[in-house]
Amino acid sequence: MKENNNISEELKAAGYKQNVNPVVKASLVWQRDLIFTGATPQGYEIDFDAQSQMGCKPTEALLLSLAGCMGIDVVSILTKMRMTPASFRMEIEGTRNPEPPQYYRVVDIIMHITGKNIDSKKVDRAIALSRDKYCSVYNSLRSDLSLNVRYILKEDSPEL
């Protein structure tokens, strides 16, 4: 019976992913030099610049996308597990192949999670679920990418 409860909990944890459209569209427009502006159907924009003068490099955006996807998953899953993070911050570092194609070989993530009674076993489970099942960005990357995720838990101090 416990196995069925775990499966049920995992399905509930993925609740926000139930309405994901299987076809995603976006647009990209060249501005000048090596500067482009990307736009989502909802109108959100991001500037890309190979020199990082007017926007972020596409490879930086990829790291942020990976962290954003995992962060959303972990916070959502922890909340479904009745954990209440007060703050959540991630540090991301990627090591790229030195020669073209300069793909990410290793990505290290450190999650800083603050809250009351945050259970490390549940954090481990939330990270595993994100990596193995829910994070679309991670699962879209090369299969030989080494992803290392650590976390630092800090107990939220009571208010005075």
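Quick rundown of the values:
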item	result
Unique residue being basic (Lys, Arg), farther than 26 Å from Ala39 by Cβ and surrounded by 12 or more Cβ atoms within 10 Å (Cβ to Cβ) when the list is Arg142, Arg131	Arg131
Cβ pairs under 8 Å, 6+ apart, first in the range 140-157 and assigned to a strand (DSSP E or B), second among the aromatic types (Phe, Trp, Tyr)	Leu147/Tyr138
Of the criteria (1) within 16 Å of Tyr151 (Cβ to Cβ); (2) within 13 Å of the chain's Cα centre (by Cα); (3) not in a strand (DSSP E or B), which one Leu63 fails	(1)
Which listed residue is modelled with pLDDT under 95, closer than 25 Å to Ser27 by Cα and not β-branched (Val, Ile, Thr), from Met83, Met70, Met54	Met54
Total residues in the range 102-128, condition out of contact with any strand residue (DSSP E or B) (no Cβ under 6 Å at 6 or more places or on another chain), surrounded by fewer than 12 Cβ atoms within 10 Å (Cβ to Cβ), at pLDDT 95 or above and not in a helix (DSSP H, G or I)	0
Breaking point among (1) touching a Leu at 6+ places or on another chain (Cβ under 8 Å); (2) farther than 18 Å from Ile77 by Cα; (3) not small (Gly, Ala, Ser), for Asp156	(1)
Subset of the range 40-57 (residues that are surrounded by 15 or more Cβ atoms within 10 Å (Cβ to Cβ) and either in contact with a Gly (Cβ under 8 Å, 6 or more places away or on another chain) or not aliphatic (A, V, I, L, M) (or both))	Ile46, Phe48, Asp49, Gly55, Cys56
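The values are calculated or read from the model by the stated rules, or taken from the named source; none is laboratory data. Computed from a predicted model, the values in this text were never measured in an experiment. Please note: Cβ atoms are built from the backbone with ideal geometry, for glycine as well, and neighbour counts cover all protein chains shown.
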